[in-house]
Amino acid sequence: MPLPQGQKPTACLALADGTIFYGKGFGATGITVAELCFNTAMTGYQEIMTDPSYAGQIVTFTFPHIGNTGVNAEDDETADPVANGMVVKWDPTEPSNWRSAGELGDWLASRGRIAIGGVDTRRLTRVIRARGAPHAALQHDPDGIFDLEDLVARARAFSGLVGLDLAKDVTCAQSYRWDEMRWAWPDGFTRQTDARHKVVAIDYGAKRNILRCLASAGCDVTVLPASATAEEVLAHNPDGLFLSNGPGDPAATGAYAVPMIQEVMAKSDMPIFGICLGHQMLALALGAKTVKMNHGHHGANHPVKDVFTGKVEITSMNHGFAVDSQTLPEGVVESHVSLFDGSNCGIRMTDRPVFSVQHHPEASPGPQDSFYLFERFAASMDKVSS
């Protein structure tokens, strides 16, 4: 939606190719520079903005009504927003939802995140799809004063995500225990008091709801930083190892994550389960390669097919890199594929309880299409311990 005639723009989005989008700013003021992506989800904007996998990215929302359900403390996937900025078509309206505890603009401002409304997001999305995820600079200035040359120069100077290890920036500083389970009516979040298995979860940028799903599947979860060594993992004597989601180039994070995973596998037969970046870390550890995608997969409407059962799941996606299925070594098979473009969405070993998926089963857009993966992980630990 263009700004009303005569209204001065208070925000500006500049792409590295010199394309300029004007709009109305909200949230924090200032300038942020990042890769620009688009997300097709109709709900979950708060979860998206607080998903650590969006570090280094500005998110364009294709659904126009962003902010209409407000914000609340329960929907944060981590303590604060991680995505650098937000681009929307309509200005956020006054929220109308029984769970709302505040407005999106105030929430973003208090957490230092810049947003722009009044943008033709359909046009912007077509640009991203045609040319790939561009580098961009986003500025919010209530006075509407923009140095366009400077903004374009900032966008062009952005290093990009290739070769960038962002997991180290979003991981936890020290280990901690997690026992909170998934939200359920009427009690909300409850605690796991009867866990069957000890699981070590490596935090490359873990979402809270993933940890809740592990707890709901009967796991006593200990979370370790991304840099954890195999010795530190095995010291907890876990029944299983979980590899979390996260941002950045998997090849860069793999410099320290891959040797850890390989050493754990060499010293233990424990089940291993990975999601998103964790999926890519496992693939690299097994000998496969990853590639940068043109514009990635970001949304909550992505159909993924289970190769072995034929079942199609509606999934949540957030990744700009993918595992190259043509590089999977002997003993590792493709288990899931995207029905959008045929890209890899899952792998498993043929002779060990080791598997991973690219999509986010905890986000439940299906709504329960993919929760079985957590149950499969728990069942594999049951089998090994029996």
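The values are calculated or read from the model by the stated rules, or taken from the named source; none is laboratory data. Just so you know, these numbers come straight off a predicted model, no measurement behind them. Neighbour counts are summed over all protein chains in view; Cβ atoms, including those assigned to glycine, are modelled from backbone coordinates with ideal geometry. All accessible areas refer to the heavy atoms of the entire protein, side chains included, with ligands and DNA or RNA removed. Shrake-Rupley method; radii C 1.70, N 1.55, O 1.52, S 1.80 Å.
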message: It is to be established whether one or more residues within segment 71-87 are within 28 Å of Arg129 (Cβ to Cβ), at pLDDT 95 or above and open to solvent by 50 Å² or more (accessible area, probe 1.4 Å).
response: no
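I'd like to verify a number: residues in segment 228-245 that are within 23 Å of Glu334 (Cα to Cα) and out of contact with any strand residue (DSSP E or B) (no Cβ under 8 Å at 6 or more places or on another chain), how many? Lay out the reasoning, then the answer.
In the first step, residues of segment 228-245 are kept if they are within 23 Å of Glu334 (Cα to Cα); the result is 240-245.
This time we only want the ones that are out of contact with any strand residue (DSSP E or B) (no Cβ under 8 Å at 6 or more places or on another chain), so: none.
Summing the residues that are within 23 Å of Glu334 (Cα to Cα) and out of contact with any strand residue (DSSP E or B) (no Cβ under 8 Å at 6 or more places or on another chain) in segment 228-245 gives 0.
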query: Does any residue in segment 160-181 that is in contact (Cβ under 8 Å) with a residue 40 or more places away in the chain come within less than 6 Å, Cβ to Cβ, of a residue that is open to solvent by 40 Å² or more (accessible area, probe 1.4 Å) six or more places away or on a different chain, and which pairs are these?
result: Val162/Lys292; Asp179/Arg191
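This table checks each residue for (1) modelled with pLDDT of 95 or more; (2) more than 22 Å from Glu77 (Cα to Cα); (3) of a type outside the set (S, T, N, Q).
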{"site": "Trp107", "(1), (2), (3)": "yes, no, yes"}
{"site": "Gly112", "(1), (2), (3)": "yes, no, yes"}
{"site": "Pro134", "(1), (2), (3)": "yes, yes, yes"}
{"site": "His140", "(1), (2), (3)": "yes, yes, yes"}
{"site": "Thr171", "(1), (2), (3)": "yes, no, no"}
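Which of the residues that make up segment 214-227 are touching a helix residue (DSSP H, G or I) at 6+ places or on another chain (Cβ under 8 Å), open to solvent by 40 Å² or more (accessible area, probe 1.4 Å) and not in a loop (DSSP other than H, G, I, E, B)?
Restricting attention to segment 214-227, the residues satisfying the condition of being touching a helix residue (DSSP H, G or I) at 6+ places or on another chain (Cβ under 8 Å) are 214, 216-219, 221, 223-224, 226-227.
Narrowing the set further to residues that are open to solvent by 40 Å² or more (accessible area, probe 1.4 Å) leaves 216, 227.
Across segment 214-227, the qualifying residue is only Ser216.
If only one of Ala285, Ala251, Ala322, Ala230 is in contact with a Ser or Thr (Cβ under 7 Å, 6 or more places away or on another chain) and open to solvent by less than 20 Å² (accessible area, probe 1.4 Å), which one is it? Show your work before the answer.
Numbers: Ala285 fails: in contact with a Ser or Thr (Cβ under 7 Å, 6 or more places away or on another chain); Ala251 fails: open to solvent by less than 20 Å² (accessible area, probe 1.4 Å); Ala230 fails: in contact with a Ser or Thr (Cβ under 7 Å, 6 or more places away or on another chain).
Answer to the selection: Ala322.
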- request: List every residue pair whose Cβ atoms lie under 9 Å apart, where the two residues are 6 or more positions apart in sequence or sit on different chains, the first residue falls within segment 211-226 and is under 17 Å from Trp183 (Cβ atoms), and the second residue, located anywhere, is at pLDDT below 95 and assigned to a strand (DSSP E or B).
  value: Ser216/Ala184
- prompt: Only one residue in Leu138, Leu211, Leu124, Leu148 is surrounded by fewer than 20 Cβ atoms within 10 Å (Cβ to Cβ) and aliphatic (A, V, I, L, M), so which one is that?
  reply: Leu148
